[in-house]
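To keep things clear, I will list the structure first and then write my remarks on it.
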Amino acid sequence: MIGRRTLLASSATLLALPAIIGRAGAETFDWKRFKGQKIVVSLTKNPRADNLQAHQKEFEELTGIRVESEQMSEQQQRPKMVMELASGNPSFDVTHYSLHVSKRVVGVGQWLEDLRPYLANAALTAPDYDWDDMSAGELRAATQPDGRIDSLPVETDVWLIYYNKQIFADRGLAFPQTFDDVLATARKINDPANGVYGFVARGVKNANVPVWTSLLLGQA
């Protein structure tokens, strides 16, 4: 039997790999190294988690590792993850967390395994997994300030401003170029009496963190 932390780290690496046999070098990689083991995965409820669970059987067949996964809403999963990690005895082995929300607290706590030794170990990481194949922004986000890599990028959240061209045209407004412009334009558009609001974004507690941090850091 292998230790829980070793299984956690190696399983996190494996979970990021394509469930495809036959790529260059993959036929010699021991995918069944941890056959018979079990991992518990905590997921945030979203389409990406749906996709991971849809391919769960493929992962189990490829590795021989049994997976128990659960989805929870962001408002439940995020604080639950932090509390369990801080306790030193989490109920899960692998967790999905949003770097723009939890990276700092997870990094300061050093709760997750540093994956660098596992990524460098050819016995634990398939030869066709290329860390540098991801964008520089993703790699920076997944790396803690002290150089530790305690997460593997699954997706990149890109925040965009969508605007109603017709409303802008009717009011003779140009697309804002700065945050000050966004505020000024929003005030000109805002008309709650007629169901029109100058600016809307995610407002649910916890899920709105990247909204206000983008505004705050953009003003720095």
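Taken together, the values in this text are just the output of simple stated rules run on the coordinates, not laboratory data. The structure displayed is predicted, hence computed values, not measured ones. Neighbour counts run over all protein chains shown; Cβ positions are idealised from the backbone, glycine included.
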### Message
I'd like the distance between the alpha-carbon centres of region 151-220 and region 114-142, rounded to an integer number of Å.
### Response
34
### Query
Using alpha carbons only, how many degrees (0 to 90, rounded to 10) separate the axis of helix 209-218 from the longest principal axis of the chain?
60
### Task
Just name one of 136, 79, 162: the one whose Cα is farthest towards the positive end of the charge dipole of the chain (beta-carbon charges, Lys/Arg +1, Asp/Glu -1).
79
### Message
Let's see if you can work this out: charge +1 on each Lys and Arg Cβ, -1 on each Asp and Glu Cβ, no other charges. What is the dipole magnitude of region 57-129 about its Cα centre, in debye to the nearest 20?
### Response
380
### 26 Å Cα-Cα threshold exceeded, pairs from 165/205; 38/205; 45/165; 32/103; 80/205
165/205; 38/205; 45/165; 32/103
### Summary
Farthest towards the positive end of the dipole of the chain, among 182, 153, 197 and with Cβ unit charges of +1 on Lys and Arg and -1 on Asp and Glu, lies the Cα of 197
### Query
Sorting 170, 150, 130 on the 10 Å Cβ count, fewest up front, what's the list?
130, 170, 150
#### Entry: Along the chain, longest interval not containing exposed trypsin sites (Lys or Arg not before Pro), exposed being DSSP loop plus at most 14 other Cβ atoms within 10 Å
36-170
### Message
Taking the beta-carbon count within 10 Å as an exposure proxy, list 69, 91, 102 from fewest neighbours to most.
### Response
91, 69, 102
### Task
Sum up the charges of everything whose Cβ sits under 12 Å from the Cβ of residue 167, counting Lys and Arg as +1 and Asp and Glu as -1, but leave residue 167 out.
+1
### Task
Calculate the dipole size of the chain relative to its Cα centre from +1 charges on Lys and Arg beta carbons and -1 charges on Asp and Glu beta carbons; express the result in debye to the nearest 20.
540
